[in-house]
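Chemist: Dropping a structure here in structure tokens format, bear with me for questions.
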Amino acid sequence: GFAFALVSALAFSLSFPSFLSLDGFPLLAWISLIPLFLAVIEARAGRGILYGVSFGMLSTLILNYWHGTYSYVSLAFSVGLGGILFSLWVIPWVLSIKLSGKWGFIPATTLWVVFEYLRSIGYIGYPWGLAGVSQYSMLPVIQAADLGGVYIISFVLVAFNAGLAWWAASLNRGWRWGGMGGSRVPAAFAAVPVILLLAYGYISLMMPGGEVRQDMRIALIQQNTDPRKHDYQLSFDTLLGLSREAMAEARVDGIPIDLLVWPEGGFKSDIRYWLERPDSTIRAARMVRDLLDFVAGEAGQTGTWLLTGTQDHGYETNVEGEEVRRNFNSTALINPDGELAEIYHKMHLVPFTEHFPYDEELPWLAELLDSFNTSNWKMGEERTVFQHPSARFFTPICFEDIFAEDLRRFAPGEPQIIVNVSNDYWSLTPVEGKQHGIHALFRSVENRIPTVRATASGLTAYIDSRGRLGDQRLPYYEAGYLLVDVPIRDFSPTPYQRLGDWPVLLCAIGWFLSLLQVWYLRGRKRITSPAEPD
């Protein structure tokens, strides 16, 4: 049983990009959970819980091993936290399966999806390694994400595994479902959702995507330095040089660049702060002047705007009544006149490393985090949709683009492009960058909006509204630029944008109803002598 759980963890993890394959093995996901389910079916509840926790910790370790390239403390923390979360979930999951007997494939699937959602929300939310994400390259499979998000894909995939596992178990246990012979119920539970998913997917891919109003030429710049570690001037000079190369190529093509995009932290200095101190001789102030002169001069000649990751600031009053400055991880849009047009402040900050809200309640932990040189950014409060003459777009920063619900909430601004800026250089492995990029890919399908991603060195790429990740991407850990012509269509809200994560709610209801069904059937068996095994 324990070996079965470990085999499942390995197969499930390798269905994602990993140290073994940067593309992953998506088909593995369709059978990866069967050994775990069979082990839980055959085991007592206590051992089943142990198997589930072991699966959770090993899969978390394999999927997140790249944390160790940054910090072994970070790796240990993520695996430990994953183990705690899996433990809290596995107990009701296994007990529901054992209580349900031959009907256990229902809670096995529905509670799995509910758990994926629960571990994706809140301060420590981390939706990394959701089952449905493994299918990023299977275009017909992922199209239904515009109906109910990635959780629809997860449901169908887990249901397939569960249906096959209970079908296999029934061969030994002699299970029957009602008056139906054989094992038609779990077989149907496995097959019907897949058929419906594929039918919707193929039909969606054949449908036109709406009238293209115009193309917007965007240059994505990847400087291959870490803005947090390398010299600011080095990163700035590299970004300027690559931007000039991109503009030179665009002049040859005869199609000017509408927008230059620099990655998260690409321009480290606080632009607004130094604009208020124009006479300063400090290097940061000089860099701000050089940046704005570049946009107003070389870029402005062709009407090119610049979006860059940067730092911004605000002021608040502390408990002592003193006014203190607080910094924001931000993006800034600069128009061709060299003027600061709009700023977005990152709203979903990385827990413990970018933001810790419990300084007063847990001062010892705050001091410990500070000793590891963590940041303590202030959280943004406004969902800014930038207004460019060619299109409206919003700019999730770094791992914000893996949170489906967060990005869905930008819909009232009727955005036409998602522009993600990330670092990803810090991980020192393309595996993290690829995993990050495939999670972001689902935001395009859910919202039917193309995505462009500019990273310091990660997956700098263009993803269309169907979720296609084609050849328009840059190599990992090489400086370069990518010119993409993005088709701009009128905004049209998807069912997912309107309704949100409704599949999760249905799964929660389905789990509850399945337990009521088991309670009802067991009650009937106590009254009438049971003729079939449970």
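Chemist: Could you report the chain's accessible area per residue, 1.4 Å probe, as an integer in Å²?
Modeler: Values: 22240 Å² over 534 residues.
Ligands and nucleic acids excluded, the result is 42 Å² per residue.
Chemist: Return the whole-Å distance between the Cα centroid of segment 398-477 and the Cα centroid of segment 309-340.
Modeler: So the two Cα centres are separated by 25 Å.
Chemist: HN-Hα J couplings of segment 397-406 from phi, Karplus 6.51/-1.76/1.60, θ = phi - 60°, integer Hz, Gly and Pro as x?
Modeler: The phi angles translate into 9, 6, 6, 4, 6, 9, 9, 4, 5, 4 Hz.
Chemist: Report the accessible area of Val431, computed with a 1.4 Å probe over the heavy atoms of all protein chains in place, in Å² rounded to the nearest 10.
Modeler: Surface open to solvent at Val431 totals about 10 Å².
Chemist: Here's another thing I want to ask about it. Can you list the residues, at least 5 places off or on another chain, whose amide H is less than 5 Å from the amide H of Trp177, using H built in the peptide plane?
Modeler: Answer set, sorted by chain and number: none.
Chemist: Could I ask something else about it? Can you list the aspartates and glutamates whose alpha carbon sits under 15 Å from that of Lys268, skipping same-chain ones fewer than 8 residues off?
Modeler: Of all the aspartates and glutamates, those that pass the test against Lys268 - Cα under 15 Å, at least 8 places apart if same chain - are Asp226, Asp231, Asp237, Asp290, Asp312.
Chemist: Quote the accessible area belonging to His313 in square angstrom, nearest 10, computed with a 1.4 Å probe and with ligands, DNA and RNA left uncounted.
Modeler: 10
Chemist: With a cut-off of 8 Å between alpha carbons and a minimum separation of six or more residues, what is the relative contact order of the chain in percent?
Modeler: Numbers: 1045 pairs, mean separation 91.9, N = 534.
Reported relative contact order: 17 percent.
Chemist: Expressed as an acute angle from 0 to 90° and rounded to the nearest 10, what is the orientation of the C-alpha long axis of helix 2-14 relative to the principal long axis of the chain?
Modeler: In the chain, helix 2-14 runs at an angle near 30 degrees to the longest axis.
Chemist: For the chain, what value does the Rg/Rh ratio take when both radii are computed over Cα atoms and Rh is the Kirkwood radius, given to two decimals?
Modeler: Working: Rg = 25.3 Å, Rh = 24.8 Å.
When Rh is taken as the Kirkwood radius, the ratio is 1.02.
Chemist: Restricting to DSSP H runs of at least four residues, report the calculated mean residue ellipticity at 222 nm for the chain, -39500 (n - 2.57) per run over all residues, nearest 500 deg cm²/dmol. Walk me through the intermediate numbers first.
Modeler: On the way: 18 runs with 245 residues, N = 534.
Taken over the chain, the calculation gives -14500 deg cm²/dmol.
Chemist: Would you mind giving the three semi-axes, in whole Å and largest first, of the ellipsoid equivalent to segment 253-322 according to its Cα gyration tensor? Walk me through the numbers on the way to the answer.
Modeler: Working: eigenvalues 182, 45, 17 Å².
Here the semi-axes work out to 30, 15, 9 Å.
Chemist: For the chain, with all protein chains present and a 1.4 Å probe, just round the carbon and sulfur fraction of the accessible area to a whole percent.
Modeler: Of the solvent-accessible surface of the chain, carbon and sulfur hold 61 percent.
Chemist: Taking the mean number of other Cβ atoms within 10 Å as a proxy for protection, how do you rank 322-335, 214-227, 245-258 from highest to lowest?
Modeler: On the way: 322-335: 18.7, 214-227: 23.1, 245-258: 15.0.
My ranking of the peptides, most packed first, is 214-227, 322-335, 245-258.
Chemist: Report, for the chain, the % of DSSP beta bridges that are antiparallel, rounded to 5.
Modeler: Details: 35 of 51 bridges.
If we restrict to bridges inside the chain, about 70 percent are antiparallel.
Chemist: Any idea of Thr317's accessible area? Nearest 10 Å², probe 1.4 Å.
Modeler: 100
Chemist: From largest accessible area down, sort His345, His67; use a 1.4 Å probe on the protein chains. Spell out each step's value before the answer.
Modeler: Details: His345 45, His67 25 Å².
The ranking, largest first, comes out as His345, His67.
Chemist: Using θ = phi - 60° and the Karplus relation 6.51 cos²θ - 1.76 cosθ + 1.60, list the HN-Hα couplings for segment 201-209 in order, rounded to whole Hz, with x at every Gly or Pro.
Modeler: Going residue by residue, I get x, 5, 5, 4, 5, 8, 7, x, x Hz, with x marking Gly and Pro.
Chemist: Would you grab the residues whose amide H sits under 5 Å from the one on Arg213? Only those 5+ places off in sequence or on another chain, please, with H modelled 1.01 Å from N.
Modeler: Correct list: Ile488, Arg489, Asp490.
Chemist: Working out 0.36 nm times the residue gap between Ala187 and Ile509, then minus their Cα-Cα distance, what length gain in nm do you get to one decimal?
Modeler: Details: separation 322, 0.36 × 322 = 115.92 nm, distance 2.18 nm.
Full-extension gain reported as 113.7 nm.
The values are calculated or read from the model by the stated rules, or taken from the named source; none is laboratory data. All of these numbers come straight from a predicted model, not from anything done at the bench. All Cβ positions, even for glycine, are placed from backbone atoms using ideal geometry, and neighbour counts span all protein chains on display. Ligands, DNA and RNA are stripped out before the accessible areas are found, and what is left, the full protein with its side chains, is counted by its heavy atoms. Shrake-Rupley method; radii C 1.70, N 1.55, O 1.52, S 1.80 Å.
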